[in-house]
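No value in this document is a laboratory result; all are computed from the given coordinates. No experiment lies behind these values; they were computed from the predicted model shown. No Cβ is skipped: glycine too gets one built from the backbone with ideal geometry, and neighbour counts run over all protein chains shown.
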Amino acid sequence: MPRNPSDARDAALTRMRRINRWLVAGAVVATGLLTDVAAQAFPGRTITRRADSSSDTRPPAALTMVPKHRRLAHHRATHTALTPPAQAPQQAQVQTTTVATPAPTQPTPTQVTPPPVTPAPVVSGGS
């Protein structure tokens, strides 16, 4: 007995939906597994400061507890403003030398211009 084409199409679409769901779920699981493998393979490290390399002996957490207005004041006090140069830059003198070039042996190609493009007619697709 011949099958109805629309029933076959509906059955195929149902199978495709189910396959897509499994593929999405598998991709999420695979991403999680790869993330876990990478985290185990490359563990994080704590950065430690050496006492002789820094003049600031406060712990790092204490630096973040300074109010913002005091940090800005410290920033402004430690950096100086830009000052203009004493003299404006001068243009450099360039010496030009001429070199005799031999005459071309081949004729130079002429400029070829493409034909003008005519715009396409405007078509309204009103319903």
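Extension gain for residue 14-residue 48 works out to 6.5 nm (0.36 nm per residue, less the C-alpha to C-alpha distance). The stretch between residue 29 and residue 83 holds 13.6 nm of extra length on full extension. This uses 0.36 nm per residue minus the Cα-Cα distance. With neighbour counts taken as other beta-carbon atoms within 10 Å, the residues 19, 47 rank, fewest first, as 47, 19.
Here the 3J(HN,Hα) profile of region 29-42, calculated from phi with Karplus coefficients 6.51, -1.76 and 1.60 at θ = phi - 60°, is 5, 4, 4, x, 5, 5, 5, 5, 4, 5, 5, 6, 6, 10 Hz, Gly and Pro shown as x.
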